[in-house]
1. What are the residues in the stretch B:57-73 that are within 27 Å of B:ALA20 (Cβ to Cβ) and either touching a residue at least 40 places away in the same chain (Cβ under 8 Å) or in a helix (DSSP H, G or I) (or both), if any?
2. Within the stretch A:168-206, track down each residue that is of a type in the set (A, V, I, L, M, F, W, C), surrounded by fewer than 19 Cβ atoms within 10 Å (Cβ to Cβ) and more than 10 Å from chain B (Cβ to nearest Cβ).
3. Right, A:VAL162: assigned to a loop (DSSP other than H, G, I, E, B) and at pLDDT 90 or above or not?
4. Mind checking whether some residue in the stretch A:149-157 is within 11 Å of chain B (Cβ to nearest Cβ) and of a type outside the set (A, V, I, L, M)?
5. Is there a residue in the stretch B:188-202 that is surrounded by 22 or more Cβ atoms within 10 Å (Cβ to Cβ), assigned to a helix (DSSP H, G or I), touching a Pro at 6+ places or on another chain (Cβ under 8 Å) and modelled with pLDDT of 95 or more?
6. Test B:THR184 against the stated conditions and say whether it is over 30 Å from A:ARG56 (Cα atoms), surrounded by 14 or more Cβ atoms within 10 Å (Cβ to Cβ) and out of contact with any Pro (no Cβ under 6 Å at 6 or more places or on another chain).
7. Taking the condition of being small (Gly, Ala, Ser) and facing another protein chain (nearest Cβ under 7 Å), how many residues in the stretch B:185-216 meet it?
8. Picking from A:ILE137, A:ILE111, A:ILE179, which residue would you name as being closer than 27 Å to B:TYR59 by Cβ and over 18 Å from the mean Cα position of the chain (by Cα)?
Amino acid sequence: MTFDLAFMLSTLPAFGRAVLTTFKVGLLAIGLSLLVALMANVLLSFKRRALDMLVRAYVELARNTPLLIQLFFIYFALPSVGVQVSGFTSAIVAMTFLGGAYLTEVLRAGIEAVPVQQLEAGRAIGLSGGQLLRYVILPQAGLLSLPAVFANVIFLLKETTVVSAVAVPELLYTTKNYIALYYKTYEMLAVLTGLCLVLFLPLSLVLGLLERRLQRGHLGF
Amino acid sequence: MATSGFELLWQTAPQLATGAGRTLAISACGIALATVLGLAYGIGRTLGIAWLDRSLRVYLAAWRAIPVLVWLYLFFFGLPMFLGLSVPAFACVVCVLGLWGASEVGEVVRGALRSLPAGQRDAALAIGLGRLQAYAWVLLPLARKRMTPGVINVYTRIIKTSSLAVLIGVVDVTKIAQQIIERTYASVTLYSFLFVFFFLACYPLSVLSRRLEQRWSH
């Protein structure tokens with residue numbers, strides 16, 4: 001077994017683009033997921049049974065089915081009813097569908113964890129509903145759910161590897177492509193593993209740090 | 001030729017059942033492996049043996065940093081090259097699910113064991129139990145309620161992740177559905193079926209996990 005270092009170096013530009021694509025897909029999906037989660041929690045805040053059930057149904061459906069199936073449904077099944085979507089768009093939509101549900105739960109838990117006295121105190125000093133949300137609930141809920149949000153960000157970034165299945169040229173797709181073209185399996189797997197470690201290991205270490213920091217309680221209550 | 005979606009599903013039920021069986025078998029084997037190894041991990045990290053703790057932390061970091069699908073490719077393409085043995089795709093998926101699941105189950109077990117008051121361990125040792133006996137008869141039974149909901153949650157993730165098997169060529173429920181689509185073009189019907197199949201496999205477990213958590217948190 002020989003290790004073709006020159007070949008590995010020659011693939012670096014392509015892997016550079018792959019890393020960018022991974023982050024593009026991942027960050028776009030995360031941003032949209034946060035938006036979905038915020039909207040879902042606004043719906044929940046109305047405390048209407050129908051809205052609650054709608055959000056619940058969405059969260060349960062998204063969380064109890066695999067990303068791969070959601071992705072395939074959008075990419076392969078929707079065209080047959082006249083909705084043509086590119087691999088990239090399917091990837092973003094599927095990951096937002098999944099990530100939105102996870103973050104909805106995270107945010108809801110954060111909001112519920114804000115002590116009720118905080119709300120009462122806010123109301124007592126005459127804050128309106130919007131002000132209460134802006135100055136009392138969201139800052140505390142945001143801080144409380146920070147580790148969980150961050151954990152989901154990492155989770156979604158790693159899930160981008162799944163979208164290689166619909167030909168989005170991210171890390172794994174690029175690896176598979178090179179293996180198929182040049183049979184340099186060994187070298188390409190090494191590059192893939194190395195890049196995963198470089199990209200995701202620091203992130204999970206930061207997550208661990210964040211969790212410990214917040215556990216010690218810098219929240220002031 | 002089937003006229004409606006349900007008729008098509010009915011006609012292809014035997015094939016779909018075979019595929020579903022394969023997917024569930026992969027999940028079940030992965031879950032069994034993950035449970036056994038996860039318990040070992042959780043115990044290993046609470047024994048207070050420095051080198052063991054450090055090795056298991058590296059193990060956890062590796063499974064957390066590298067996505068499961070990448071592990072699947074590493075096992076499927078990498079093992080034949082490193083060890084010179086060809087591992088069937090089915091066994092690859094079970095191994096990866098089991099080893100990855102072990103790190104996730106293990107973290108839940110560790111958390112539950114760590115949350116027990118230190119006095120329990122001291123008391124168990126004081127009445128003459130060995131260290132492993134203390135786990136078997138005192139610590140794990142005490143931690144059982146705290147870890148069960150979390151562990152069940154990991155099980156649903158293992159079932160969902162088992163869908164990745166199709167990407168390394170296992171003829172699972174997804175592959176069978178895709179083969180039927182190639183003949184009939186009924187992609188909406190069959191992908192809806194897959195949605196429902198995985199939902200029915202995971203949702204009851206999710207509900208169970210939540211119920212147990214609510215019941216036991218008081």
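The values are calculated or read from the model by the stated rules, or taken from the named source; none is laboratory data. Small disclaimer: the values here were computed from a predicted structure and weren't measured. For neighbour counting, all protein chains shown are included, and Cβ atoms are generated from backbone atoms with ideal geometry for every residue, glycine included.
1. B:VAL68, B:LEU69, B:VAL70, B:TRP71, B:LEU72, B:TYR73
2. A:ALA180, A:LEU181, A:VAL206
3. Against the criterion (assigned to a loop (DSSP other than H, G, I, E, B) and at pLDDT 90 or above), A:VAL162 does not qualify.
4. There is at least one residue in the stretch A:149-157 that is within 11 Å of chain B (Cβ to nearest Cβ) and of a type outside the set (A, V, I, L, M).
5. yes
6. Details: over 30 Å from A:ARG56 (Cα atoms): yes; surrounded by 14 or more Cβ atoms within 10 Å (Cβ to Cβ): yes; out of contact with any Pro (no Cβ under 6 Å at 6 or more places or on another chain): yes.
In short, yes.
7. 2
8. So the residue among A:ILE137, A:ILE111, A:ILE179 that is closer than 27 Å to B:TYR59 by Cβ and over 18 Å from the mean Cα position of the chain (by Cα) is A:ILE179.
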